[in-house]
Amino acid sequence: MRFLLFLLAGLVVLPSPAVLAEKAESEHPEARPFDDAADAMAEVDLALARALIADKRVILVLGANWCHDSRGLAGWFSQPRFAEMLTAKYEIVYVDVGHRDRNIDIAQRFGLKAIQGTPTVLVLSPQGDLLNRKSAPKWRDAASREEADIFAYFDQFTPEP
């Protein structure tokens, strides 16, 4: 009750939305790379073709711009340290899955029946084999993860049994 009185009296100043956004950005960067108008299947096919030629793996980030964790992971990927490592090892495709109701056929193509949460992150071989079936749906907390842990996962990626 006392807090409410202080708030009403103007003695407590709550941070503006811009300040809150800046604080979130300082904890982890955010990006909005998910395009709902993209031909996602064609982009996946193109990434697999490039990966086969360059002997890289493919990362499919199945997420959405409304999703804090999808934006957080994409934000880390856009940072120079990540971008350098990822570019050397992977082709990356951001697939907009809406509210888990769009481009589900892409998840199914690689053996997932459904998308449990966003983002779901698939790591594929250049031939299109899913290499992280167990950990793919476990990225729903990407914005809360430590930068070093995210970096290590992709830098030292080992296919799961």
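Mind checking whether some residue in the range 36-45 is of a type in the set (Val, Ile, Thr) and within 19 Å of LEU131 (Cβ to Cβ)?
Yes.
What number of residues within the range 38-72 satisfy the criterion of being farther than 23 Å from LYS113 by Cα and either among the aromatic types (Phe, Trp, Tyr) or touching a helix residue (DSSP H, G or I) at 6+ places or on another chain (Cβ under 7 Å) (or both)?
3
Any residue in the range 35-48 that's free of Cβ contacts under 8 Å to residues at least 60 places away in the same chain: show its pairings with residues that are of a type outside the set (Asp, Glu) at Cβ separation under 6 Å, as long as the two are six or more apart or on different chains.
GLU43/VAL93; ALA47/VAL58; ALA47/VAL93
Does the range 122-144 contain at least one residue that is farther than 18 Å from GLU30 by Cβ and β-branched (Val, Ile, Thr)? Steps first, answer last, please.
First, pick out the residues of the range 122-144 that are farther than 18 Å from GLU30 by Cβ: 122-138.
Now restrict to residues that are β-branched (Val, Ile, Thr): 123.
There is at least one residue in the range 122-144 that is farther than 18 Å from GLU30 by Cβ and β-branched (Val, Ile, Thr).
Test PHE151 against the stated conditions and say whether it is outside any loop (DSSP other than H, G, I, E, B) and crowded, with 21+ Cβ neighbours inside 10 Å.
Considered against the rule, which asks whether it is outside any loop (DSSP other than H, G, I, E, B) and crowded, with 21+ Cβ neighbours inside 10 Å, PHE151 comes out as no.
In the range 110-150, what residues are among the hydrophobic types (A, V, I, L, M, F, W, C) and without any contact (Cβ under 8 Å) to a residue 60 or more places away in the chain?
PHE110, LEU112, ALA114, ILE115, LEU130, ALA136, ALA148
Can we say GLN79 is under 18 Å from GLU147 (Cα atoms), polar (S, T, N, Q) and out of contact with any helix residue (DSSP H, G or I) (no Cβ under 6 Å at 6 or more places or on another chain)?
Working: under 18 Å from GLU147 (Cα atoms): yes; polar (S, T, N, Q): yes; out of contact with any helix residue (DSSP H, G or I) (no Cβ under 6 Å at 6 or more places or on another chain): yes.
Answer is yes for this residue.
Read-outs: derived from the displayed coordinates by stated rules, not from any lab. Quick caveat, the model's predicted, so the values are computed rather than measured. For neighbour counting, all protein chains shown are included, and Cβ atoms are generated from backbone atoms with ideal geometry for every residue, glycine included.
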